[in-house]
Structures are given as structure tokens and as C-alpha cells.
Amino acid sequence: MSSAANSAAVAERVMAQLHFETLLYGRVDLIRDEAGRPCVLELELTEPSLYLGYEPGSAQRFTAAALARLTGR
């Protein structure tokens, strides 16, 4: 398993432990220990800026997801 795939697997396992409905946003920050194993540095479930200006269409997608959640669609 590649380093990136290993990191993604760890992040997925962390997120799976959360007992919430599907999140609109969540981020797991990892670092590597001395043996090269990924370790959780930070679990972020809120982000004040969301960096919406960095990806075209991201603000629209986030708004659509939030509205869908609020209206139950």
C-alpha cells in the first residue's frame, strides 16, 4: 500500500468512528511518526473559511449541499 493510500485509509477509519450523519465538511490532518506510520495530528469538523475561492464551483456545491441538508432533499 502506498504512503498516500495508507494515509487515506487512516483518515477514512477516523471519520468512520464519528457518529454523525454524513458531514458536509471534515478533514483529518496526519503526520508520520519515526517509523513512518501515519498519526492523527488534527481532526477538523468546522473550517471558518472553507477555502472556497481556491476551487471553481466549490461555493455553489457547498451551498447546494447545505440547502439539501436543511430541506431534507
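Tabulated results
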| read-out | value |
| --- | --- |
| Computed [θ] at 222 nm, deg cm²/dmol, the chain (DSSP H ≥ 4; -39,500 (n - 2.57); rounded to nearest 500) | -12500 deg cm²/dmol |
| Dipole in debye (nearest 20) - the chain, about Cα centre, beta carbon charges: Lys, Arg +1; Asp, Glu -1 | 300 debye |
| Taking only Cα atoms of the chain, radius of gyration then Dmax in Å | 15.0, 47 |
| Cα-based helix-to-principal-axis angle, 3-16 vs the chain, degrees rounded to 10 | 60 degrees |
| Positive-end extreme of charge dipole, the chain - chosen from T63, M1, C39 (charges on Cβ) | T63 |
| Pairwise label distance in nanometres, S2 with Y51, each label 7 Å out on the Cα-Cβ vector | 1.9 nm |
| Degrees separating the helix 58-71 axis from the principal Cα axis of the chain, which is the longest one | 70 degrees |
| In sequence order, calculated HN-Hα J values of region 28-33 (Karplus, 6.51, -1.76, 1.60; Hz; x Gly/Pro) | 10, 9, 10, 10, 9, 7 |
| Heavy-atom accessible area ranking, 1.4 Å probe, most first, across F62, F20 | F20, F62 |
| Environment charge at L67 (Cβ cut-off 13 Å; Lys +1, Arg +1, Asp -1, Glu -1) | +3 |
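The values are calculated or read from the model by the stated rules, or taken from the named source; none is laboratory data. Computed from a predicted structure; not experimentally measured. Methodologically, a virtual Cβ is constructed for each residue, glycine included, from the backbone with ideal geometry; neighbour enumeration extends over all protein chains shown. Heavy atoms of the whole protein, side chains included, go into the accessibility calculation; ligands, DNA and RNA do not. Shrake-Rupley method; radii C 1.70, N 1.55, O 1.52, S 1.80 Å.
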